[in-house]
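The next block holds one structure in the form of structure tokens; read it before the comments.
The values are calculated or read from the model by the stated rules, or taken from the named source; none is laboratory data. Since we're looking at a predicted model, the values are computed, not measured. Cβ placement follows ideal geometry from the backbone for every residue including glycine, while neighbour counts extend to all protein chains displayed.
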Amino acid sequence: MTEAPEHFDLVIIGSGSGNHIPDYLDDRRIAIVERDVFGGTCLNRGCIPSKMFVLPADRLTEAAEADRLGIDIPAGRADWAAIRDRIFNRIDPISASGRDYRAERCPNITLIEGTACFIDASTIDVDGRRITGDDILIAVGSRPVVPPIPGLVETGFHTSDSIMRLDALPERLGIIGGGYIAAEMGHVFAGLGSRVSMFNRSDRLLSSHDHEISQRFTEVFGRRVDLHLGHLPTRVERRDGSIVVHDPEGEIVVDQLLVATGREPNSDLLEAERAGLTMHHHGTIVVDEFQRTSVPRMWAVGDVANNNNLKHVANAEAHAAFWNIAHPDDLHRVDLGPIPAAVFSHPQIAAVGVTESEASEQGIDVVIGRRDYGGTAYGWALADETSFAKVIVDRSTGFVVGAHIIGPQAATLIQPLVQGMRFGQTARELAEDVYYIHPALTEVVENALLEAVGQL
């Protein structure tokens, strides 16, 4: 006789954003299923450790560029092992303690470690253990894409899952890809002392960003790394203990190889079609504005349910989903306005809203406000000659519909524009109705807005 599945009020698949369980669910019997390290990608191998690596890379890069300020800082040396251990000696205990807390100290929660896959719309198998739930929240995230380059699998490579835990800093690093992970890791390793070669299909890095931003980033970043643009490698092989990347421009020899060509949702690991879930062609689960899937009382959040690959989006979606699970008669949607994003490379980039080309494609008549950092007092102090802020303003309404910044503190500088767009302030109000501290770097945003306002 087949044993009946174990039943829970709520089953959560994934312990990243899915682990942020609010107190108002304390009366529910909950199962958390995790197939990998507790805490998800952001904590263990994504946002948090990568930014902890970015900081020392920033410091060494700034030191190398200090001659423009009239000072000579001797060349620094990175202690890779010390940097790596400082980071993961902090992160690994957080992951472990989070796991132990859920496993041992939450009486209403059962932690089940293994790979979940659907048997049908109401039953989940976790490595032979069958469970059901009144509600099911899918928060399984995504994983790196591996491109079909001949010899790549046989040669061996790293992804963002493993590159930050290398035993030693490679003298030569190859990176396949040109998106945000490639740009951030390229900065980290180049800043810490590796010779970095990057291979990207597009003729620009960060090609999904505003064209002017992407072009400037490619120009500036190309001064620090060896760029091979417009094509991917044709073949990869091992030779004499090194990795040889065959490129139309010739052979490039590296010691380690990072593949950073995007991410794909983990929905396939769930056997999602067995549950009757409706999927997009690229594998994300279709959800409505309340994070509901096509299956009643089944919800999805994060990378498996959107294409943003942003932790702040996943957290907001999880917050809404948990509320809706607990309050089916008072559903909340994620309505936080335009989604901002940043690339923590060198130079740093931040963006929100549409690009200039997207505005044109959508038929929005816009004016562009642009200001170089070097056109402000703090920019003079930085001796900055490459950074700028750009705002895109709808001519008919005066609202900011897009903003793009490249340069120091970009991720911080964009925040007042994000808030202004969310709360319906016009470009004129943003520019003229508040004080901008002089001579702070925020004046670059003020001046970009004023330039746009002057065209209305």
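Numerical summary
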quantity	calculated
Residue in the range 108-123 that is in the same structural domain as F53 (by TED's automatic domain parsing) and of a type in the set (D, E, K, R) present	yes
Some residue of the range 434-446 being over 15 Å from T376 (Cβ atoms) and touching a residue at least 24 places away in the same chain (Cβ under 8 Å)	no
Pairs with Cβ under 9 Å, 6+ apart, first in the range 137-150 and on the phi > 0 side of the Ramachandran plot, second part of a loop (DSSP other than H, G, I, E, B)	G141/G14; G141/G16
Candidate set: the range 422-445, residues that are in a helix (DSSP H, G or I) and surrounded by 23 or more Cβ atoms within 10 Å (Cβ to Cβ); chosen: the one farthest from the chain's Cα centre (by Cα)	A431
Positions within the range 60-84 being within 26 Å of S162 (Cβ to Cβ) and surrounded by fewer than 12 Cβ atoms within 10 Å (Cβ to Cβ), in sequence order	R77, A82
Test result for T397, crowded, with 21+ Cβ neighbours inside 10 Å, more than 29 Å from the chain's Cα centre (by Cα) and touching a residue at least 24 places away in the same chain (Cβ under 8 Å)	no
Matching residues in the range 131-144 - criterion: being closer than 15 Å to I32 by Cα and out of contact with any Ser or Thr (no Cβ under 6 Å at 6 or more places or on another chain)	I131, G133, D134, D135, I136, L137, I138, V140
Long-range neighbours under 6 Å by Cβ, at least six apart or interchain, first residue farther than 21 Å from V400 by Cα within the range 339-353, second among the basic types (K, R) and surrounded by fewer than 24 Cβ atoms within 10 Å (Cβ to Cβ)	F344/K51
Elements of type strands (runs of 3 or more DSSP E) in the range 167-244, at least 1 residues being surrounded by fewer than 24 Cβ atoms within 10 Å (Cβ to Cβ) and touching a residue at least 60 places away in the same chain (Cβ under 8 Å)	172-176, 235-239
Count - residues of the range 245-260 that are surrounded by 22 or more Cβ atoms within 10 Å (Cβ to Cβ) and part of a loop (DSSP other than H, G, I, E, B)	1
Cβ pairs under 7 Å, 6+ apart, first in the range 300-327 and more than 17 Å from P338 (Cα to Cα), second basic (K, R)	D303/R263
Positions within the range 354-370 being touching a residue at least 60 places away in the same chain (Cβ under 8 Å), over 27 Å from G186 (Cβ atoms) and either touching a Pro at 6+ places or on another chain (Cβ under 8 Å) or not β-branched (V, I, T) (or both), in sequence order	G369
Subset of the range 139-162 [crowded, with 19+ Cβ neighbours inside 10 Å, out of contact with any helix residue (DSSP H, G or I) (no Cβ under 6 Å at 6 or more places or on another chain) and not in a loop (DSSP other than H, G, I, E, B)]	P144, L152, H158
Criterion: in contact with a helix residue (DSSP H, G or I) (Cβ under 7 Å, 6 or more places away or on another chain), small (G, A, S) and more than 18 Å from C42 (Cβ to Cβ) - qualifying residue of A78, A103	A78
